[in-house]
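The values are calculated or read from the model by the stated rules, or taken from the named source; none is laboratory data. Please read all numbers here as calculations on a predicted model, not as lab measurements. FYI the Cβ positions are ideal-geometry reconstructions off the backbone, even for glycines, and counts take in every protein chain you see.
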Amino acid sequence: MKTLEGSLVRFTTLIIILITTCSRVAANTDLARAATRAAIHARAAIHTRTFIRNRNNAHARLVRAAIERNKALRTAISIYEEMHLDAAGLNEEAFEYAYIGYDRLRRRHRLQKATILSICDFSQASSEERLYVVDVLNKKLLYRTYVAHGMNSGNEYACSFSNRRNSYKSSLGFYVTREAYYGDNGLSLRIDGMDRGFNDMAGSRNIVIHGASYVSTRILKKYGVMGTTYGCPAIPDDMSSKIIPVIKQGTCFFVYYPSKVYLERSSVLNN
């Protein structure tokens, strides 16, 4: 009997120990789960605060951009009217978009010479003098002359554009001029495309501003249309030595066409 009673005591003790251990394990598990849930909630709260802060910052940036754009637009309208650029044949919308983009680049400190704004108005025919070099600080039209477009962009009018190599098309958008050099086309000017997806391949495509004998009134009278290029905005030979020294080294050069896709997606115009 004593042996049986001893066994029962030991068994009971073992059961008590087992129950106690299980209770502790369960309690520790509950604590671990609670700690995990607390950590998840804490991380969620951090992400929520970060999201709200980023959203507020993005909203603030959009508000600032809208204010800056409206201010630039008002300035553009004022300059356009004061300079009577309509009489010079420059499309008002082309100048407004040009000035808005120019102002953005200037604010981003991308322009070394912020007094000059050049506009290729490709809404006009190649038979028109559609390149305008404007001194926006002194409100003077420095030059107006012919400019050619890419051979695959169109004949008399440029209406198709590309950023691809070997497309032989013009590329829309904003450029910043670089250094001048002498190449196969004589005095030439390198330009960097600022609009992602629209003209940022200008360097690899060897798109430069240069003079060309096929951009002249002689060619226009002989063939009825201006000559075309591999994509470069070529100007008359006798104008390259005048224009390139003025617009080189960090001025804004804008190629315009009323393309809805470009105007809505331009990284320069739309921040």
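Of all residues in the stretch 107-124, one or more are in a helix (DSSP H, G or I) and either among the small types (Gly, Ala, Ser) or surrounded by fewer than 16 Cβ atoms within 10 Å (Cβ to Cβ) (or both).
Yes or no: TYR182 farther than 24 Å from SER259 by Cα, among the hydroxyl-bearing types (Ser, Thr, Tyr) and touching a strand residue (DSSP E or B) at 6+ places or on another chain (Cβ under 8 Å)? Outline the logic, then answer.
On the way: farther than 24 Å from SER259 by Cα: yes; among the hydroxyl-bearing types (Ser, Thr, Tyr): yes; touching a strand residue (DSSP E or B) at 6+ places or on another chain (Cβ under 8 Å): yes.
So TYR182 passes the test.
When the stretch 211-237 is limited to residues that are touching a residue at least 12 places away in the same chain (Cβ under 8 Å) and aromatic (Phe, Trp, Tyr), the one that is farthest from GLU128 (Cα to Cα) turns out to be TYR230.
Scanning the stretch 92-106 for residues that are buried (at least 21 other Cβ atoms within 10 Å of the Cβ), more than 23 Å from GLU179 (Cα to Cα) and either without any contact (Cβ under 8 Å) to a residue 60 or more places away in the chain or over 21 Å from the mean Cα position of the chain (by Cα) (or both) yields one hit, PHE95. Might you let me know whether the stretch 143-153 holds any residue that is surrounded by fewer than 19 Cβ atoms within 10 Å (Cβ to Cβ) and under 20 Å from GLY193 (Cα atoms)? Within the stretch 143-153, one or more residues are surrounded by fewer than 19 Cβ atoms within 10 Å (Cβ to Cβ) and under 20 Å from GLY193 (Cα atoms).
For SER240, the criteria (1) buried (at least 16 other Cβ atoms within 10 Å of the Cβ); (2) in contact (Cβ under 8 Å) with a residue 60 or more places away in the chain; (3) not aliphatic (A, V, I, L, M) hold in every case but one, which is (2). Counting only residues that are out of contact with any Ser or Thr (no Cβ under 8 Å at 6 or more places or on another chain) and part of a loop (DSSP other than H, G, I, E, B), the stretch 137-146 holds 1 of them.
Does ILE207 fit the bill of being among the hydrophobic types (A, V, I, L, M, F, W, C), more than 14 Å from SER118 (Cβ to Cβ) and either surrounded by 15 or more Cβ atoms within 10 Å (Cβ to Cβ) or modelled with pLDDT under 95 (or both)? Criteria met by ILE207.
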